[in-house]
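First up is the structure itself, then whatever we jot down about it.
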Amino acid sequence: MNRNNPRGLRVSRVPGKPVLRDADGDYAIHLWLRHDGKFDGDITLQLSPTETELLHAELCFALDGEPVRTYPDDTPDCRKDPRGFASRMRWP
């Protein structure tokens, strides 16, 4: 796939829109849909607290070994100092 002319359906986070918690306690992740490089619409991924926690854990494990690219105050504990507790945990 050519990065300058992406083909197919693409999903990405909406820049500047944070993950929000709604009145029911679910989390909302705002996404953009693009088809063949053209904006096609907005959608919101709704996740329960359990689904959100599992996604968070899976992302931390998937990022294991990757450089941290956030400011220290914004970095989740699972991505901090590799000598910390989280680095000893492993995904089943």
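The values are calculated or read from the model by the stated rules, or taken from the named source; none is laboratory data. As the structure is a computational prediction, the values presented were derived from the model and not from experiment. Cβ atoms come from the backbone with ideal geometry, glycine included; neighbour counts cover every protein chain shown.
Filtering segment 25-79 down to residues that are among the hydroxyl-bearing types (Ser, Thr, Tyr) and modelled with pLDDT under 90, which residue is surrounded by the fewest Cβ atoms within 10 Å (Cβ to Cβ)?
Per the stated criteria, the residue is Tyr71.
When you scan segment 15-24, do you find a residue that is surrounded by 11 or more Cβ atoms within 10 Å (Cβ to Cβ), of a type outside the set (Lys, Arg) and under 23 Å from Arg79 (Cα atoms), even just one?
yes
Would you mention how many residues in segment 52-63 are free of Cβ contacts under 8 Å to residues at least 12 places away in the same chain and acidic (Asp, Glu)?
Of the residues in that region, 1 qualify.
Go through segment 1-24 and give me each residue that's modelled with pLDDT of 90 or more and outside any loop (DSSP other than H, G, I, E, B).
Arg10, Val11, Ser12, Arg13, Leu20, Arg21
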